[in-house]
Amino acid sequence: MEKNVTVPAKTKKGGLNPVITMIILIAIAMGIFRFVFGAEGNFEGGDVEKGNPLNFLGIIHKGGVIIPFLMSFFFMVIVFSIDRVIALNKAKGTGSAEKFVNDIRALLNKNEINKAIELCDKQKGAVGNVVKEGLTTYKALENDTTLNKEQKLAQLGKTLEEATTLEMPTLEKNMTIISTIASVGTLIALMGTVIGMIKAFFALGEGGGSPDAAQLSVGIAEALINTGMGIGASAFAIIMYAFLTSKIDDLTFKIDEVGMSIQQSFSAHN
């Protein structure tokens, strides 16, 4: 009968609350759009509605009601990316994760499990937590006389897998938001583009034989501003998602690497 020697899992918490953060960032984006980009000084004669923009801020404001949401996408990517960078740095623990893995492997080769556990306590972070779970189980299984070698290896592998699974939500929290922005940003921008083109064609048809060139240009400009903002937000989100994913993959690779070393060491010394 298989004996469970794993340490009870602890609930992982931390990171930004996504709903509250997004609401705050949307509100900030709307405030900037209204009071900074929509300031009277950015338009001829101080007329926000009909005056021509005098600078880049005024030009962006002419993009219409979709622009604040596209701006909030930029803010979300920045804020959640910073949050993930901080979380990943904590997950690496103190010092170099690469050196930690090499030191653990060296101690395992000498079968110095207690020293390896002490090193995990100093390192901390996700890598240290997973390794410590594995090493604690390693010690418990060494003294277990009820299981054969294959069962012990299976139990050790299960412990490492469960410990890794427990750490992954902490590493990947809010990554879905960044990936969603990467795909949704262009769709929201397309909505703004369509609205701008509707205004342009409306101005074209409203004038009969002599279309209103000013209104036509405003509609086309609104469409292009939304397109540009949407492409920029999506591209930024794609870049940050790829960067953060590579960092997470690097950490999980180190965890898998040292986990394999723990199992090999147990097989060699028991």
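Round to the nearest 10 and give me the degree value, 0 to 90, for the angle of helix 175-206's Cα axis relative to the longest principal axis of the chain.
Once rounded, the angle reads 10 degrees.
Taking H placed 1.01 Å from N in the peptide plane, check which residues at least 5 places from Phe43 or on another chain put their amide H under 5 Å from its amide H.
For Phe43, whose amide H was placed from the backbone, the distant partners under 5 Å are Leu54.
Leaving out ligands and nucleic acids, and using a 1.4 Å probe, what accessible area per residue does the stretch 78-211 come to in Å²?
Details: 6890 Å² over 134 residues.
Spelled out: the 1.4 Å probe surface of the stretch 78-211, per residue, equals 51 Å².
Hey, what angle do you get for helix 113-123 against the long axis of the chain, alpha-carbon based, 0 to 90 degrees rounded to 10?
For helix 113-123, the angle is close to 20 degrees.
Once the Cα atoms of helix 149-172 and of the chain are each reduced to a long axis, what angle between those two axes, in degrees from 0 to 90 to the nearest 10, is obtained?
20
Work out how much length Phe56 to Asn17 would gain on full extension: take 0.36 nm times their residue separation and subtract the Cα-Cα distance, in nm to one decimal.
Using 0.36 nm per residue and subtracting the Cα-Cα distance, I get 10.7 nm.
What distance in nm separates the simple spin-label points at Val194 and Phe253, each placed 7 Å from Cα in the Cβ direction?
If labels sit at Val194 and Phe253, their model points lie 4.2 nm apart.
Compute the whole-percent fraction of alpha carbon pairs in the stretch 25-165 spaced more than 24 Å apart. Show your work: numbers first, answer last.
On the way: 5602 of 9870 pairs.
The proportion of pairs with Cα distances above 24 Å equals 57 percent.
Taking 7 Å along the Cα-to-C-beta vector as the label spot, tell me the Thr180-Ala242 distance in nanometres, rounded to one decimal.
2.3
Determine the dipole magnitude for the chain: charges of +1 sit on the beta-carbon of Lys and Arg, -1 on that of Asp and Glu, nothing else is charged, the reference point is the Cα centre, and the result goes in debye to the nearest 20.
Details: 25 positive and 26 negative charges, 174 e Å.
Dipole magnitude for the chain comes out near 840 debye.
Once you've got the Cα coordinates, tell me which of Lys90/Lys124; Lys122/Lys149; Lys124/Lys149 are over 20 Å apart.
Checking Cα-Cα distances, Lys122/Lys149; Lys124/Lys149 exceed 20 Å.
Among Leu244, Ser183, Asn143, flag the residue with its Cα farthest along the positive direction of the charge dipole of the chain, charges on Cβ as +1 for Lys/Arg and -1 for Asp/Glu.
With unit charges placed on the Cβ atoms, the residue in question is Asn143.
Which semi-axis lengths, in whole Å and largest first, follow from the square roots of five times the eigenvalues of the Cα gyration tensor of the stretch 95-269?
Largest first, the stretch 95-269 gives 61, 14, 9 Å.
The values are calculated or read from the model by the stated rules, or taken from the named source; none is laboratory data. A quick note: this is a predicted structure, and the numbers were derived from the prediction, not measured. Neighbour counts are summed over all protein chains in view; Cβ atoms, including those assigned to glycine, are modelled from backbone coordinates with ideal geometry. Ligands, DNA and RNA are excluded from the accessible area calculation, which covers all protein heavy atoms including side chains. Shrake-Rupley method; radii C 1.70, N 1.55, O 1.52, S 1.80 Å.
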